[in-house]
Amino acid sequence: MAKLYFHYATMNAGKSTMLLQASYNYRERGMNTMLFVAGHYRKADDAGYISSRIGLEEDADMFRDGDDLLARVAEHHGRAPVHCVFVDEAQFLQEDQVWQLARVADRLDIPVMCYGLRTDFQGKLFEGSRQLLAIADEFREVRTICRCGKKATMVVRLGADGKVAKQGEQVAIGKEAYVSLCRRHWEEEMGRVKPEDMFGFGGS
Ligand SMILES: [Zn+2]
């Protein structure tokens, strides 16, 4: 039976590259894939595509809040068999949409590979990621490293001024940059623990 997969990571870990590579592997064997990318932060008339930092790019369907992804996959599958569904920016899926993708796996027997961020810059789960962590069949962590060499599991957001943002919207559209860090250095950068405080309990 087909499964629902969640590949999660922090920013800049190469998720889109992995997605495009995996899709390519299907197509190379003469199979069809259907690609989705979040349309939330794109203009209505923008063409959807998934691009990676190393220059790969492929057209993709956009998903937005309220879209029925099961219906869209079923419609496409009715015209030409779909062998695998890929979803980039899966953190922006709604809870219902994660269930629709589960039904794509369970009822249409098409594997669904979701790629996304686990947590936002404040260390909180995104809606799509929370539901995927709850019901996906398989989980794969896409690894990247902190400046100290440890595995990076967290992300900080730098504003246009280069300072670490401690509050604000879950997603910012602008000149922000993101840096992936290990949990220890994330807490320090967020000002939750002082670097010199070995025990993290504040002491006095
Ligand atoms: Zn670190």
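Readers should treat all values here as calculations from the given coordinates under stated rules, not as data from a laboratory. Bear in mind that the values here come from a model prediction, so they are computed numbers and not experimental data. With ideal geometry, Cβ positions are generated from the backbone for all residues, glycine too; neighbour counts draw on all protein chains shown.
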For Glu28 and Met1, what does the FRET efficiency come to when R0 = 22 Å and r is the distance between their Cβ atoms, rounded to the nearest 0.05?
0.35
Counting only DSSP beta bridges with both residues in the chain, what percent are antiparallel, rounded to the nearest 5?
35 percent
Loop-exposed chymotrypsin sites (Phe, Trp or Tyr not before Pro) per DSSP, neighbour cap 14 Cβ within 10 angstrom, longest uninterrupted part of the chain:
42-198
Value at 222 nm in deg cm²/dmol, rounded to 500, when DSSP H runs of n ≥ 4 in the chain each add -39,500 (n - 2.57)
-8000 deg cm²/dmol
The stretch 41-79: which trypsin sites (Lys or Arg not before Pro) are DSSP loop and have at most 15 other beta-carbon atoms within 10 angstrom?
Arg42, Lys43, Arg53, Arg64
Sorted from fewest to most neighbouring beta carbons within 10 Å, what does the list Thr33, Thr119 look like?
Thr119, Thr33
Of all GluC sites (Glu not before Pro) in the stretch 87-176, which ones are in loop regions per DSSP and have a Cβ with at most 10 other Cβ atoms within 10 Å?
Glu169
Cα-based Rg then Dmax for the chain, in Å, read 18.4, 68
Loop trypsin sites (Lys or Arg not before Pro), the stretch 102-201 (other Cβ atoms within 10 Å of the site Cβ: 13 or fewer; DSSP):
Lys124, Arg143, Arg147, Lys150, Lys163, Lys166, Lys175, Arg192
